[in-house]
Amino acid sequence: MENFIDTQPSELAPTLQRLRSNWQASKPDYAQRMDDLGRLRHALRLRMDEMAEAVGKDFSHRAKAETRIADGMTVLNDIDHLRKHLRKWMRPTRVGVGWRFLPARAQVRPMPLGVVGVIAPWNYPVNLALIPLATALAAGNHVYLKPSEHTPHTARFLRSLLAEAIAPGRVAVATGGADIGAAFAGLPFDHLVFTGSTAVGRKVMAAAAAHLTPLTLELGGKSPALIAEDYPIEHAAARIATGKWFNCGQTCIAPDYVLVPKGKRDALVKALRDEAVTRYGENLTNLDDYTRIINAGQYNRLKGYLDDAKSRGIERVTLAGHADPAQRLLPPTLLLDPSDDALIMQEEIFGPLLPIKSYRSLDEAIAYINAHDRPLALYPFSHNRATVEKILHGTLAGGVSVNDTLFHFAIGNLPFGGVGPSGMGAYHGRAGFDAMSKQLPVFWQARRSGGDLLKPPYSKAKWLIDLIVR
Ligand code: NAD
């Protein structure tokens with residue numbers, strides 16, 4: 001792209017060094033952090049249309065409303081949450097010392113770590129760059145950001161936005177592909193937040209090991225929706241449709257597949273078709289609101305799942321319109337009861353294809369989920385409290401929305417992150433502030449302390465030792 005030169009590997013370490021020495025010279029205080037967050041919020045709000053245009057160019061077409069909601073509102077919401085609670089979170093917390101150590105005092109003091117690295121993926125290229133960045137700034141750190149090479153227009157927008165909002169020396173942006181990403185992950189950050197695939201997450205963890213860099217890994221996986229017997233199918237279909245077809249399924253927490261009671265499968269297929277037609281038109285005529293697949297590589301990967309399903313004789317239902325590889329347009333498509341060895345059931349889908357698997361009993365559905373990697377998200381649908389509890393008790397996922405999809409991501413008070421292969425650690429709001437701070441334990445000894453007596457000859461302090469050893 002014109003006027004856009006990728007970062008040279010040789011620039012990475014000196015840039016980190018510059019960010020670190022600036023931080024050491026002037027660690028951002030409360031007023032500075034509030035100012036940075038406020039300016040970032042203001043700049044993003046003013047440049048929302050420009051942002052949507054940049055993201056739209058990267059996707060060739062991205063539904064504008066989806067960009068405003070998922071890359072705009074989410075970031076504003078998180079910044080608002082950070083600004084609202086920051087003063088309270090920064091305060092040291094006094095903790096008891098226990099009677100044996102009285103009259104000393106103790107506190108836990110959140111301290112900024114230094115420089116936080118942020119590696120972002122392409123699917124929500126503003127959200128997944130700016131929410132970790134804003135959280136790191138709130139915690140008093142400087143930030144080095146690496147956006148995805150697959151969203152060069154957005155990367156350019158981010159660089160310009162940050163240059164406008166944050167004084168130079170506190171944030172920097174590196175651009176480039178996997179080679180720059182690998183070198184970036186090997187830098188001695190004080191903390192590194194990586195959002196991307198599980199496969200690359202493994203490489204990032206290996207690279208971070210060299211410096212024992214603490215990591216937050218926000219990865220992917222197959223997130224199930226589980227519709228219980230009691231839940232109205234049309235209602236489940238509507239909410240699953242939103243979670244699945246928002247951003248054309250290119251969402252880490254999109255419902256990857258649906259588990260539905262055997263007798264209700266066909267009703268679900270019909271309800272999903274109705275949803276697709278109402279939203280996008282019988283022939284996918286509402287193309288404005290339907291996002292494209294980001295690039296040919298991703299399109300061909302998804303097409304490969306369909307070809308594999310076809311070769312296995314798996315029934316496929318295209319819900320509206322048809323595919324157009326030239327536009328990277330892939331319609332909402334269902335695959336009915338695919339076998340487990342089908343590629344679509346092996347890999348994270350990350351597109352508008354939705355396998356529907358029927359189950360005979362809730363226990364069978366729970367066992368199916370547990371036989372696979374712990375998912376990033378889980379979507380139980382039931383109005384029966386005992387059924388929901390049974391699903392929550394019987395499984396473990398990174399996060400859960402009950403009777404809906406995606407929403408747990410947006411709530412500032414909920415930590416967001418995976419478990420096992422879907423990720424490590426969490427951020428958003430307080431969880432992110434804590435993860436990007438050192439929780440410094442401080443013990444404050446009193447003028448007079450029993451501890452002074454605990455020294456040889458111990459015979460002199462026997463009464464005290466007898467008192468505390470009980
Ligand atoms: P990706 O893993 O291919 O790339 C993510 C980032 O890592 C990019 O900036 C890339 O340049 C960089 N990178 C590539 N190779 C690297 C290396 N060896 N070392 C360090 N960095 C390297 O992911 P993607 O295709 O951009 O995004 C899709 C994946 O991200 C999906 O699996 C999705 O589930 C996941 N995801 C997770 C979340 C979450 O919050 N948990 C959010 C969005 C996407």
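In the set Leu287, Leu212, only one residue is at pLDDT below 95, of a type in the set (A, V, I, L, M), open to solvent by 30 Å² or more (accessible area, probe 1.4 Å) and more than 10 Å from the ligand (Cβ to nearest atom); that residue is Leu287. Remark: pairs (first residue in segment 98-119, over 17 Å from Ser21 (Cα atoms); second residue part of a strand (DSSP E or B) and basic (Lys, Arg); Cβ separation under 9 Å; 6+ apart in sequence or on different chains) = Arg105/Arg94; Ala106/Arg94; Gln107/Arg94; Val108/Arg94; Arg109/Lys438; Pro110/Lys438; Val118/Lys146; Ile119/Lys146. Would you call Glu364 out of contact with any strand residue (DSSP E or B) (no Cβ under 6 Å at 6 or more places or on another chain), closer than 18 Å to Tyr231 by Cβ, open to solvent by 30 Å² or more (accessible area, probe 1.4 Å) and not small (Gly, Ala, Ser)? When the stated conditions are applied, Glu364 passes them.
Within the option set Arg45, Arg94, Arg41, Arg68, being at pLDDT 95 or above and part of a strand (DSSP E or B) holds for one residue only, Arg94. So is Tyr305 in the same structural domain as Thr242 (by TED's automatic domain parsing) and out of contact with any Leu (no Cβ under 7 Å at 6 or more places or on another chain) or not? Taking the combined requirement at face value, the residue does not satisfy it.
Against the definition (over 20 Å from Glu11 (Cα atoms), more than 14 Å from the chain's Cα centre (by Cα) and at pLDDT 95 or above), how does Ala136 come out, yes or no? Yes. For Asp404, work out the one condition from (1) open to solvent by less than 30 Å² (accessible area, probe 1.4 Å); (2) touching a residue at least 60 places away in the same chain (Cβ under 8 Å); (3) over 30 Å from Leu113 (Cα atoms); (4) out of contact with any Asp or Glu (no Cβ under 9 Å at 6 or more places or on another chain) it doesn't fulfil. Exception for Asp404: condition (1). Number of residues in segment 189-221 that are free of Cβ contacts under 8 Å to residues at least 40 places away in the same chain and in a strand (DSSP E or B) equals 0. Please determine whether any residue of segment 444-460 is free of Cβ contacts under 8 Å to residues at least 24 places away in the same chain, within 15 Å of the ligand (Cβ to nearest atom) and not assigned by TED's automatic domain parsing to the domain that holds Gly201. No, segment 444-460 contains no residue that is free of Cβ contacts under 8 Å to residues at least 24 places away in the same chain, within 15 Å of the ligand (Cβ to nearest atom) and not assigned by TED's automatic domain parsing to the domain that holds Gly201. Scanning segment 126-139 for residues that are within 9 Å of the ligand (Cβ to nearest atom) and either free of Cβ contacts under 8 Å to residues at least 60 places away in the same chain or part of a loop (DSSP other than H, G, I, E, B) (or both) yields one hit, Asn127. Scanning segment 447-464 for residues that are in a helix (DSSP H, G or I) and in contact with a Pro (Cβ under 7 Å, 6 or more places away or on another chain) turns up nothing.
Taking the listed residues Lys203, Lys222, the one that is crowded, with 20+ Cβ neighbours inside 10 Å and either basic (Lys, Arg) or within 15 Å of the ligand (Cβ to nearest atom) (or both) is Lys222, with no other qualifying.
Looking only at segment 169-188, residues that are part of a helix (DSSP H, G or I) and either closer than 13 Å to Val143 by Cα or within 6 Å of the ligand (Cβ to nearest atom) (or both) come to 5 in all. Flag not set for Ser10, criterion: over 26 Å from His150 (Cα atoms) and among the hydroxyl-bearing types (Ser, Thr, Tyr). Has segment 367-390 got at least one residue that is assigned to a helix (DSSP H, G or I), open to solvent by 20 Å² or more (accessible area, probe 1.4 Å) and within 16 Å of the ligand (Cβ to nearest atom)? Among the residues of segment 367-390, not one is assigned to a helix (DSSP H, G or I), open to solvent by 20 Å² or more (accessible area, probe 1.4 Å) and within 16 Å of the ligand (Cβ to nearest atom), which makes the answer no. Tyr280 fulfils the conditions (1) farther than 24 Å from Ala320 by Cβ; (2) open to solvent by 10 Å² or more (accessible area, probe 1.4 Å); (3) of a type outside the set (Asp, Glu); (4) more than 16 Å from the ligand (Cβ to nearest atom) except for a single criterion, (1).
The values are calculated or read from the model by the stated rules, or taken from the named source; none is laboratory data. Bear in mind that the values here come from a model prediction, so they are computed numbers and not experimental data. Please note: Cβ atoms are built from the backbone with ideal geometry, for glycine as well, and neighbour counts cover all protein chains shown. The area values use the complete protein model at the heavy-atom level, side chains included, leaving out ligands, DNA and RNA. Shrake-Rupley method; radii C 1.70, N 1.55, O 1.52, S 1.80 Å.
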